[in-house]
Structures are given as C-alpha cells and as structure tokens.
1. Within region B:10-24, how many residues are loosely packed, with under 10 Cβ neighbours inside 10 Å and of a type in the set (A, V, I, L, M)?
2. Under the condition of being more than 10 Å from every other protein chain (Cβ to nearest Cβ) and surrounded by fewer than 16 Cβ atoms within 10 Å (Cβ to Cβ), which residue from region A:179-202 is nearest to the chain's Cα centre (by Cα)?
3. Looking at (1) under 29 Å from residue A:234 (Cβ atoms); (2) within 31 Å of the chain's Cα centre (by Cα); (3) of a type in the set (Val, Ile, Thr), which is the one condition that is false for residue A:22?
4. Can you pull out the residues in region B:92-108 that are buried (at least 18 other Cβ atoms within 10 Å of the Cβ) and either in contact (Cβ under 8 Å) with a residue 60 or more places away in the chain or more than 14 Å from every other protein chain (Cβ to nearest Cβ) (or both)?
5. Kindly indicate whether any position in region A:68-91 is more than 30 Å from residue A:202 (Cα to Cα) and either surrounded by 13 or more Cβ atoms within 10 Å (Cβ to Cβ) or at pLDDT below 85 (or both).
6. Would you check which residues across region B:114-139 are free of Cβ contacts under 8 Å to residues at least 12 places away in the same chain and away from ligand 2 (no atom under 16 Å from the Cβ) and list them?
7. Considering only region A:99-135, state which residues are within 14 Å of ligand 1 (Cβ to nearest atom), loosely packed, with under 15 Cβ neighbours inside 10 Å and over 23 Å from residue A:209 (Cα atoms).
Amino acid sequence: MNSLYSRLRGTAVWRSVFRSGTGDTNLHRSLTVQQNIFLHLASVKIRRRALEFGVTWYLGTLSMASFVILVVTGVLLMLYYHPSVPQAYADMKDLQFVVSAGVFLRNLHRWAAHAMVVLVFAHMFKVFYRGAYRPPREFNWVVGVMLLLLTLFLSYTGYLLPWDQLAFWAITVGSNIISAVPAMGAKIRFLMLGGHTVNANALLRFYVLHCVILPLIAAVFLAVHFWRIRKDGGLYTGDKPRE
Amino acid sequence: MPDQTPHVERACPGCNRRRFTTAGVGSLAIAGIGSAVFGYEFLSPNALYEPSPIVDAGKPERYPPGSVTPDAQSGLYVVHGPEGIYALSAVCTHLGCVTAWRPELDMVACPCHGSKFHIDGVKIEGPAPRPLPWLKAWLNDEGNLMIDRSEALTRKQYVRVQA
Ligand code: HEM
Ligand code: FES
C-alpha cells in the first residue's frame, strides 16, 4: 500500500501537479504546504495543542463546513429556482414535491443556514472568552466581525427567496426597520428594494446579492481570515510555546 | 566626477514623478466620484411598475351603513359610520404589516407584533407609534368612490352619501 503510494507520487503526472517533490524531509513537507494555493493559507507548522478540541471546539472549522454545504446546495438549488414573481414560490413547491432530492437539498440549505448563524456566533464567543482577540490578532477579530455581518446578510437575503407569506412580511418588516436610519433611511430602503414595496425588483436584487455578490465577498474575507491566522502565529492556544 | 547617467531625450520636458502622481491620483478620484454617481443612478430605478396609489373602490352603495369592508390587496378599510364613509389605511404604522379587521372584537389587529386599533384608527395597544391614517377619499364624476393611498388626511373628513 505504502509503496504503491510512493510509486504514484513518483509518476510524471503526479509530479507535474505537485511540484514540491516526493521527499519525506521537513523541507519537502513545508514545500508541500507552501506550494499549494489552498494549503498555503495555513501554517507550515502548527502546535499539536492547537489541534485539540478544547482550544477552539472546532467552531471556526464547523462554520466553514456549513458555508461549503451552503455553496454546494445553493448552487444546485439555483438550477431549479427562477427569481421572478410568482414563479419563485412555485419553484419552491416543485423543489419540494417534484424535483428528485429537491426537498433534501432545500432542507439541507435551510438547516445549514441556521447552523451557520449559530456556529459563527458560538465561534465568536469562544474567541472572546479565550481572549484570542488580543494583539497580534486584533485585526482578525475585525475580519471575523465582517464575516458575522456577511452571514447575517446572506440569511436575510436568502429568507426572501421562497416568496411565501413568511418571506414577504419578514422583508417588509426588515426593510421598514432600515427606513428608521436617520436622514437617508427611506432612500436606503428604496435602493435595497428597487422600489417602494417588496416586489419583483426586490426579489431580483435579493437573489443577486444572495447568490453572487455576498458569497463572493464572503469567500474573499474567509481567505484573509485563514491567512491571518497563519500570519498571526497560528491559533491562540493560551499557553507558552513548549519548544 | 563626470555625470554617468546617460542622456535621455525627454518627450515631455516639464514632467516629473510628482506631477505624474498628482495627475494619476486626480483622475482616479474623478473616476471614483463618477462611478459613485453612476452607481447611485443605476441602482435607482427610473420606471416603476408598481400599482397606482389611487384605488377605484366602486359605487358607494356597496358599503351599507354600519359596515367595515377590508381590502387587503389595497391595504385599506372602507368604513361606513354614522357620519358617512371614510377610508382607513390597513397598513400598520409600526413596521408595515397589513392589519386585519376583527368584528368579534370590534377592533383592528396586526398579526405581526400585536398592535390593536379602533376602527377610527386610534391605537388601543401595541408598538405602533401612530394611529392608522385616514386616506383621502372622494366621489369621481361617475359617482365611484376613489381613494388615494398616498395622501393621509390631517383631520376627519367623510364622504356623504344620500341614504
Ligand atoms: C453562506 C451562507 C448562506 C446562507 C446563510 C443562506 C441562507 C439561505 C436561506 C435562509 C434561504 C431560504 C431557504 C428556504 O426557505 O428554504 C436560502 C435560499 C436560497 N439560497 Fe442560500 N444561503 C447561503 C449561501 C448560499 C449560496 C452560496 C448560494 C448560491 C450560490 C445560495 C443559493 C440559494 C438559493 C437559490 C435559495 C432559494 C431556494 C430555497 O429557498 O431553498 N445560498 N438561502
Ligand atoms: S407591524 Fe404591526 S405591530 Fe409590528
């Protein structure tokens, strides 16, 4: 098994994909991380303690996992969902009763959305009570606040998409709360809804925000967030480095 | 020590790095302001396909004395009280839900956060900050009851109909 794996790692195809070579030295191992666009966001070396459950309760990882589930299920839902009035509601019913596995995908998307909100909050509390927001990690706390806001905006915009009574009145109430902003509240509401009432323009705007703009912004902030963990010296474990 | 820098024929004699930077940053600033203005204009729709605020509520005879007729679609009630007909907005002054007329309780109730009103619009309880407004109502040339949802009356005004 092991020799099969090392034979595989020696093939021309493998070596053209992974340039870092096949050695087992520490140098090769760090090159493996450094030369991979996905892995290089993480540190080359981490403390064993940082991998223990007690440090983070894995809440950040779980938040990321729910985001990945949401992207995958969300993109699949987009294949059957038309953001138009009144088709959107009919599509939701089709997803539930006609499309194979549609109800599974829809429920997975909805449950993962709720889970993500809870997990992101829990992650934030865990960071707070561990004191992991302190310098040099204060900037990553700010990035985290942006990610919390993005999560809430994604939830809010997604909530309108089923175009049922709950969705309609929730967005009516929410957009009226926004018009309480001093001086420009009514204007913000108008731009957000693309009109004076929650209607076809609002549905389309929320759809584009929910499925394109907000996920892209979130992905950028996630990348910065993870890269900063590396740059700030790895996860905060609360104890002095043992080395 | 003789000057070592090779002589370069300058295409633009007055140019230097500072002027280049100033011009560059200046044009970027102008482009930025322009994009903000265009962005704002782009996001504000110029034509809206929203229903007109003026509703034709039909012949006043449809509303017998002592009746309250909800029109949830238009978000209003046509009320025929002792002094005549008036139109009351059904849109809650709290956060905009459409209220419901509850004849068994003799009041208007909002399903969203529980505001309650008398049928003349006065609030009984709940988070609504203002009474439900009376809407401008009149009879047009055909004798139909017309209601303008965009115009709230500042004092009570009835449409009188011959009994
Ligand atoms: C990252 C966090 C996300 C959150 C918190 C979120 C939240 C939601 C919520 C609450 C709904 C309403 C679900 C329902 O009523 O069944 C929804 C619907 C939807 N979302 Fe997301 N979403 C996220 C990401 C995405 C992404 C990345 C996409 C696609 C690129 C997407 C596409 C959709 C679509 C097409 C719907 C309509 C179908 C439906 O309502 O089930 N979502 N989303
Ligand atoms: S919208 Fe009517 S009570 Fe809140």
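The values are calculated or read from the model by the stated rules, or taken from the named source; none is laboratory data. Fair warning: this is a prediction, and the values are worked out from it, not measured in the lab. All Cβ positions, even for glycine, are placed from backbone atoms using ideal geometry, and neighbour counts span all protein chains on display.
1. 1
2. So the residue we want is A:188.
3. Single failed check for residue A:22: (2).
4. If the condition is that a residue be buried (at least 18 other Cβ atoms within 10 Å of the Cβ) and either in contact (Cβ under 8 Å) with a residue 60 or more places away in the chain or more than 14 Å from every other protein chain (Cβ to nearest Cβ) (or both), then B:101, B:108 are the ones that fit.
5. Scanning region A:68-91, I find no residue that is more than 30 Å from residue A:202 (Cα to Cα) and either surrounded by 13 or more Cβ atoms within 10 Å (Cβ to Cβ) or at pLDDT below 85 (or both), so the answer is no.
6. none
7. A:101, A:103, A:104
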